[in-house]
Amino acid sequence: MEKTLKKNGMEFNYETSFSFIVKPLVSEEKDKYLALASSKELSKFLPNIDTEKNVDLLPIAFNAAVVNRVNKNGDVIDSLSAASLYKDFINKPINVEHNRERIIGVILTAGFSEFGSDIPLAEDQIKDLKGPYNITLGGVIWKIANPTLANAIEDSADESSENYQKISASWELGFNDFNLIAIEGESKNIEDGVEISDAKEVDSLKSNLRAYGGSGKVDKTRCLYRKVIGNVVPLGIGITETPAADVKGIVTDKTEATVKIAEENISKITILDVKNSIKEETMKIKSTKDITDESLKQISASQIADFIEQELKTASEQFSVEKSSIENALKLAQDNHKTLLAEHTSLKDQVSTLKTSLDSAQAEMLKAAASEAFNARMSAFDQEYDLDADTRQILANDIASLDDESFAAYKNKMAVFMKSKKKGAKVENGEKEDSKEDKKEDDKEEKSKESKASVIEAAIDKAEKPVIDIPLTSTASEDTLFNKYKNAFNYDGFIVK
């Protein structure tokens, strides 16, 4: 059940009652997970009331809930929550079937007991317990508020009665937060399951809960339950034939005293009222099929009105659950849309930045490639031709913006016009000119030598030849005048310019 509940100035989003349908025969309920009320042990939780003096009070004790074990509504509390809230039951109302307008008593004691044996447990004994145990309460029923129901409760506590343990108690909680428990198979103990506490995962799975109209399962093998957490407030106890948790039975402190009320206004309770009360307790309308001509003789108009009111309430609550589920789904879709829109904008900005960087990189690459091609082309011209500064400038301007095909055509064209600048052309022409000059110089030098020789010979021929008598006994001296002149006018002694 989900609705907004205000209690003591606090507002709760959710409310749950720990109740379930029990079978009438006790023998069918005796298993290891059913906590049967033990009059011996539960009587330790009865409030200390002088029933002989207060004959209008019926002290009772009962197991209200089983901790760490899922109830029929798919809800559960753990040891942490149990230790925090159990004392808050004290002074809370006891009503009939969770109808807050039919309060018949109050809770006065609260504690814990073992699951199955009802042996009392201290608070420090339950803090670390992972398995199931009971929250056990004691209180009083105001007999004068509903004598018939008080008698029925006493009858259900009598082990010799055929109505033994037909009446039990269940409790209501108000809370704002919960986690999920996923349990494999048929187990109801949360120690056998896995707790889901992530807020996003809880929000995505909670529509599977029975409280939200779901199947109560995560998948084919795992059941899904709701574990109440945070600020949990007990709202009261309902006396019911369909208790919540795996608990059953109420223990009473019977007394043989007779209720004697002196006040006139209270004594005005009529036999008719008692009959109507009995009818209300014994005849209940569970569906429209129960309203027949025969049943109309036994039920009152108020019972039909109550049934219609309950059906309207159930339909309203179901509508509220479905509406909340749709609103939550819509909110989740809107949140997802905002997230996707933000991610799209972020990715769009990143793509724009990357495109700008890519365009810049491509421009730099094209610029570098153009520069490299230009340098290669100029280098090719430099290797093939002797270029002066003016020629290089003209070539640079011409080829700067040419593509490969245009440059090839341009190079072929320039090969025709630049034959004279081709590497080695000047050297070859220079060697030919040097060869002619050298020949002329050689001829000139030869003629000079010949001229010099002629001059020397002429000088020698014109020289006077003196007659020298040489004694017969003397050897001719080599140092003759002829030799002197010859040596003096030798070719090597002249410097020809």
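The values are calculated or read from the model by the stated rules, or taken from the named source; none is laboratory data. As the structure is a prediction and not an experimental result, all values here were calculated from the model. So basically every Cβ, Gly included, is an ideal-geometry build from the backbone, and we count neighbours across all protein chains shown.
Observations
- Only one of the listed residues (153, 181, 141, 167) is within 30 Å of residue 196 (Cβ to Cβ) and crowded, with 22+ Cβ neighbours inside 10 Å. That residue is 181.
- Restricting 329, 333, 342 to residues that are modelled with pLDDT of 90 or more and surrounded by 12 or more Cβ atoms within 10 Å (Cβ to Cβ) narrows the list to 329.
- Only one of the numbered conditions (1) touching a helix residue (DSSP H, G or I) at 6+ places or on another chain (Cβ under 8 Å); (2) surrounded by 17 or more Cβ atoms within 10 Å (Cβ to Cβ); (3) at pLDDT 85 or above is violated by residue 215, and that is (2).
- Which listed residue, of 72, 7, is at pLDDT below 50 and in contact with a strand residue (DSSP E or B) (Cβ under 8 Å, 6 or more places away or on another chain): 7
- Pairs meeting the criteria (first residue in region 317-346 and closer than 23 Å to residue 15 by Cα and outside the structural domain of residue 15 (by TED's automatic domain parsing), second residue outside any helix (DSSP H, G or I) and of a type in the set (Ser, Thr, Tyr), beta carbons under 6 Å, at least 6 apart or on different chains) are lacking.
- Residues located in region 86-107, provided they are aliphatic (A, V, I, L, M) and surrounded by fewer than 20 Cβ atoms within 10 Å (Cβ to Cβ): 90, 96, 103, 106
- Put simply, of 130, 166, 143 the only residue that is of a type in the set (Lys, Arg), in contact with a helix residue (DSSP H, G or I) (Cβ under 9 Å, 6 or more places away or on another chain), modelled with pLDDT under 80 and in the same structural domain as residue 71 (by TED's automatic domain parsing) is 166.
- Given (1) within 24 Å of residue 211 (Cα to Cα); (2) at pLDDT 90 or above; (3) out of contact with any helix residue (DSSP H, G or I) (no Cβ under 6 Å at 6 or more places or on another chain), number of the condition residue 98 does not satisfy: (2)
- In region 55-107, the residue that is farthest from residue 141 (Cα to Cα) out of those that are β-branched (Val, Ile, Thr) and in a loop (DSSP other than H, G, I, E, B) is 70.
- Residue pairs meeting the criteria (Cβ under 9 Å; at least 6 apart or on separate chains; first closer than 17 Å to residue 69 by Cβ, in region 113-126; second in a strand (DSSP E or B) and small (Gly, Ala, Ser)): 113/35; 114/35; 115/35; 116/35; 117/35; 118/35; 121/111; 121/113
- Positions within region 133-165 being in contact with an Asp or Glu (Cβ under 8 Å, 6 or more places away or on another chain) and closer than 22 Å to residue 117 by Cβ, in sequence order: 133, 134, 136, 164
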